[in-house]
Amino acid sequence: MTEPQNFWRRFLARPNDDRGKAIGIAVIVAFVCAVVVSTTSVLLKPRQDAHLEAERAARMAAMLDTLPGMRDLMQEVGVTALETRMVNLSTGRFTDDVDPAGYDATEAAADPETSIEIPSDADIAGIRRRETYAPVHLLERDGELMLLVLPMRATGYQSTIHVMLALEPDLRTVAALSITDHGETPGIGSRITDPAFIDRWPGKQVADDTGAIVIEVVRGTASGPYEVDAISGATRSSNAIGSMLSFWLGDLGYGPFLDRLEQEGL
Amino acid sequence: MSLTHHVTAPLIDKNPVTLQILGICSALAVTTSLSTALTMSIALTAVLVASAAVISLIRHHIPNSIRLIVQITIIASMVIVVDELLRAFAFGISQRLSIFVGLIVTNCLVLGRAEAFAMRNPVLPSALDGLGNGLGYSLILMIVGTIREFFGAGTLFGHAVVTTVADGGWFQPLGLMQLAPSAFFIIGLLVWAIRSARPEQIEVSEYKLQQREGHR
């Protein structure tokens, strides 16, 4: 019983410039700190995840609220939230291989196993890698698509901008656009979240009659259904959203999925 | 020196921000609104008190050759714990503070107090010294935060105090106040005000300019 105590006492009694003591103290401090940090992290993880999940749900709910008649439609169908399904972006088909709960697209995009590299000339959204699987949110009534919400991201002026794009059943008309996350300059680029900018999107057409993606953010006077005005003073943040849509609705993004939906339905 | 002195001295007389000009980076970043400034103040004060107490507790057994790394390890662990707690219990605020809670590790104030005070003093005075310096930092943050939020957005703690032009009132928010440079100006003015009231804080200039000789 007294043996370890003696050892401990002898260890502490050693001079502070002793090499053994220096290593010993370093190991003990590192170990105790590691235990404290990992215990807190493990204990608090469920709470933090609940917050993240709630935040995602709140953003989605806020966007649905901006769509006229959407709540009534959902009530009619008998759901309170959109259904989330995973899509294989390369094949354009739904998949059950991945569980949408807890799926982190950014993490998946960083892993070579679950993502592809985008050729630099095609990388207009500036994201370098694109994940293979993406979660899409949809509302269906009697096997018919009523609303499709696609998560997207692009590099803006100084951060990655995350967006939810809601499309009407024709898959061409923007129902709503919602910025879910960004770190643009406060007061300048951050104005992309202002209603003044967000409200410019609903009703715009992302593709023309041939199906080519033609939506564009322009400076000054936007005219017609394919053009959206940039925010003056925040052109690069605004343009990033234009390129984001062009990229994500194109062949390397949701293009194959949207084509398939158009031809085969859900 | 009485124990209360450890707490009161850093408020104005030895204020870490205005006298020692420490912790400026976070003071610029988190003072756009009062709620973020308050959360940051509490987080930093908690880290300062806890790390000062722990470091003081084991000060006799920290080998001199590795003392900085031991201090940083302890401080960094405290910061991670505080960050995790904020994320679990004050999620909204922690999103707005983003990386700045994590950057408390690199706040010179925390390591400065550990190195200058906690390494040489018993636990209680060290903890009180940490508390005092934390409160001194908090005081400046709250003043800067109040000025920036009021003039920058017309609100205090997110509640509208005056009606802005955008909402049909008369108050035109000062966009500059939402940007980092305004914090520099405000802290500069505070330093000036405090040093005018307490001239003993004015530093002696290290070099004196001499008149050039033989030149007319």
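Laboratory data are not the source of any read-out in this text; all were calculated from the coordinates shown. None of these values were measured; they are calculated from a predicted model. Note: ideal-geometry Cβ built from the backbone for every residue, glycine included; neighbour counts use all protein chains shown.
Backbone N atoms of the stretch B:130-146 closer than 15 Å to the 7 Å Cα→Cβ label point of B:V162 belong to residues B:146. Modelled spin-label separation between A:V218 and B:R212, with each label point placed 7 Å from Cα along the Cα-to-Cβ direction: 6.1 nm. Take the convex hull of the alpha carbons in the protein assembly as shown; its mean projected area over all directions comes to 36.8 nm². Of the trypsin sites (Lys or Arg not before Pro) found in the stretch A:165-262, the ones in coil according to DSSP and having at most 13 other Cβ atoms within 10 Å of their Cβ are A:R219. Just name one of B:I143, A:G203, A:L12: the one whose Cα is farthest towards the positive end of the charge dipole of the protein assembly as shown (beta-carbon charges, Lys/Arg +1, Asp/Glu -1). Selected residue: A:L12.
Computed from label points 7 Å out along Cα-Cβ, the spacing between A:T80 and B:A197 is 5.4 nm.
Across the stretch B:63-78, rounded Karplus estimates of 3J(HN,Hα) from the backbone phi angles (6.51 cos²θ - 1.76 cosθ + 1.60, θ = phi - 60°) give x, 4, 5, 10, 5, 5, 6, 5, 4, 5, 4, 5, 4, 4, 4, 4 Hz, Gly and Pro being marked x. Take every Cα pair under 8 Å in chain A that's 6+ residues apart, average their separations, divide by the length, and report that relative contact order as a whole percent. Relative contact order comes out at 14 percent. Using Cβ point charges alone (K and R +1, D and E -1), the dipole size of chain A about the Cα centre works out to roughly 1600 debye. Within the straight-line cut-off of under 20 Å between alpha carbons, the aspartates and glutamates reachable from A:K45 are A:E53, A:E55, A:D99, A:D104, A:E107, B:D83, B:E84, sequence neighbours fewer than 8 places apart in one chain being disregarded.
Toward the positive end of the charge dipole of the protein assembly as shown, with +1 on the Cβ of Lys and Arg and -1 on the Cβ of Asp and Glu, the farthest Cα among A:Q75, A:I231, B:V79 is that of B:V79. Taking only the C-alpha atoms of chain A, the Rg (one decimal) and the largest Cα-Cα distance, Dmax (whole number), read 25.0, 87 Å. Distance between the modelled labels on B:A9 and B:L68, one decimal in nanometres: 2.5 nm (7 Å Cα→Cβ projection).
Around the Cα centre of the protein assembly as shown, unit charges on the Cβ atoms of Lys, Arg, Asp and Glu (plus for the first two, minus for the last two) sum to a dipole of about 3060 debye.
The magnitude of the dipole of chain B, with charges of +1 and -1 set on the Cβ of Lys/Arg and Asp/Glu and taken from the Cα centre, is near 360 debye.
Among A:R19, A:R128, A:R85, the largest mean-square fluctuation in a Gaussian network model of chain A, built with springs joining Cα atoms closer than 10 Å, belongs to A:R19.
Relative to its residue count, chain B spans a Cα convex hull of 187 Å³ per residue.
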